[in-house]
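Only one structure is covered here, and it is reproduced in the block below.
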């Protein structure tokens, strides 16, 4: 007689080793212990497996062949069944089993999916592992207190899931490291890198932004700092969500601002307390509204943001605009704006249309004032 057993046969043999059982009892025990999730029984026919074990002389009916057909057929292990069960148990614990998971073949074919498809598949596997861990924990808690050897079964399952999850995190960092990270300052170079020595006319396409409105001196108004903090919180949450869900990574676009006042000369004179503003950060066009809204909700859960209720998503259509790169302190913009409005626009038959727009390419906390770069843009129309 062969001493080989499939894992499904070994599972049924193990249940009969505990006590004689009929098919219904075996099925109920399998469900109670969740054995379909951690053995290879799957949805195999219990009676088919019992007949195989009986045919091999490893199990027998307790009532013999003459048992009433109306009575449940109870099975128990034979002497040969007990012997093989003991040996198979020893080998199962003592001998590491070499596995060939389909995952390895999937990784071997990574180029077929590419970074985007492969990254999405890894993200789905990570979510499935998290769900599996939660299920095992729930079943363990539901059956407590447990004998030490049963507790070891649950602990092994959770340890293996945690080990694969740790491997998966490393693999994603490695494999998704090859994912192209979009930098919009390079991708939209004509919008973010105008010349510094002259004004240029550009056609700005419609772009979607996170926006927050406010007023007052940006250096002293608490509302301004709160608006900027909220914009970055939402934008970074969206970036990480894009990478995890869509496998598309990007550099968070720079902070931008629309500025206006009842008397526009206050910009030349730098009377900041009279300014109104809309601070904003661009949203990539490959992210849909539902994803953006989920990011806003997630940002709200992470941190209390006082002005989150004023955060909105809006498309800005500027069209024909004049812009220049200003290099230097923000307070040195006045002469450049004066030259734009009093010289360049009239000389080219243009008039202002829409609000003054600034794009901040440097961090004033880390960059010397004379090296700060700011795109100054003004939407225009023909006179």
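The values are calculated or read from the model by the stated rules, or taken from the named source; none is laboratory data. Remember, it's a predicted structure, so these values are computed and weren't measured experimentally. Here the Cβ is made from the backbone with ideal geometry for all residues, glycine too, and neighbour counts use every protein chain on show.
Could you list all residues from the stretch 182-204 that are surrounded by 12 or more Cβ atoms within 10 Å (Cβ to Cβ) and either under 28 Å from the mean Cα position of the chain (by Cα) or within 17 Å of residue 281 (Cα to Cα) (or both)? Of everything in the stretch 182-204, those that are surrounded by 12 or more Cβ atoms within 10 Å (Cβ to Cβ) and either under 28 Å from the mean Cα position of the chain (by Cα) or within 17 Å of residue 281 (Cα to Cα) (or both) turn out to be 182, 183, 184, 185, 187, 188, 191, 192, 193, 204.
If you go through the stretch 1-25 and pick out every residue that is surrounded by 16 or more Cβ atoms within 10 Å (Cβ to Cβ), within 46 Å of the chain's Cα centre (by Cα) and farther than 19 Å from residue 89 by Cα, you end up with 2. Applying the set (1) touching a helix residue (DSSP H, G or I) at 6+ places or on another chain (Cβ under 7 Å); (2) part of a helix (DSSP H, G or I) to residue 324 leaves exactly one unmet item: (2).
Scanning the stretch 337-359 for residues that are surrounded by fewer than 17 Cβ atoms within 10 Å (Cβ to Cβ) and part of a strand (DSSP E or B) gives 351, 352. Among the residues of the stretch 238-271, those that are under 18 Å from residue 219 (Cβ atoms), surrounded by 15 or more Cβ atoms within 10 Å (Cβ to Cβ) and free of Cβ contacts under 8 Å to residues at least 40 places away in the same chain comprise 261, 266.
The residues of the stretch 140-158 that are part of a helix (DSSP H, G or I) and under 18 Å from residue 14 (Cβ atoms), listed by number, are 143, 148, 149, 150, 151, 152, 153, 154, 156, 157.
The set of residues in the stretch 159-180 being surrounded by 14 or more Cβ atoms within 10 Å (Cβ to Cβ), at pLDDT below 85 and in a helix (DSSP H, G or I) consists of 171, 172, 175, 176.
Name the single residue, out of those in the stretch 365-383 being in contact (Cβ under 8 Å) with a residue 24 or more places away in the chain and not in a strand (DSSP E or B), that is nearest to residue 325 (Cα to Cα). Restricting to residues being in contact (Cβ under 8 Å) with a residue 24 or more places away in the chain and not in a strand (DSSP E or B), the top hit is 372. Each residue in the stretch 107-136 was checked for being free of Cβ contacts under 8 Å to residues at least 24 places away in the same chain and touching a helix residue (DSSP H, G or I) at 6+ places or on another chain (Cβ under 7 Å), and 2 of them qualify. Assess whether residue 292 counts as being within 17 Å of residue 308 (Cα to Cα) and in contact (Cβ under 8 Å) with a residue 12 or more places away in the chain. So residue 292 passes the test. Give the residue, chosen from 39, 78, 29, 62, that is within 39 Å of the chain's Cα centre (by Cα), over 25 Å from residue 129 (Cβ atoms) and either modelled with pLDDT of 85 or more or crowded, with 16+ Cβ neighbours inside 10 Å (or both). None of the others qualify; the one that does is 29.
The selection criterion, being outside any helix (DSSP H, G or I) and on the phi < 0 side of the Ramachandran plot, holds for residue 198.
The residue that is farthest from residue 192 (Cα to Cα), among those in the stretch 272-289 that are touching a residue at least 60 places away in the same chain (Cβ under 8 Å) and surrounded by fewer than 19 Cβ atoms within 10 Å (Cβ to Cβ), is 276. Here residue 220 clears all of (1) part of a loop (DSSP other than H, G, I, E, B); (2) surrounded by fewer than 20 Cβ atoms within 10 Å (Cβ to Cβ); (3) touching a helix residue (DSSP H, G or I) at 6+ places or on another chain (Cβ under 7 Å) except the condition numbered (3). The single residue among 294, 312 that is within 26 Å of residue 219 (Cβ to Cβ) and in the same structural domain as residue 234 (by TED's automatic domain parsing) turns out to be 312.
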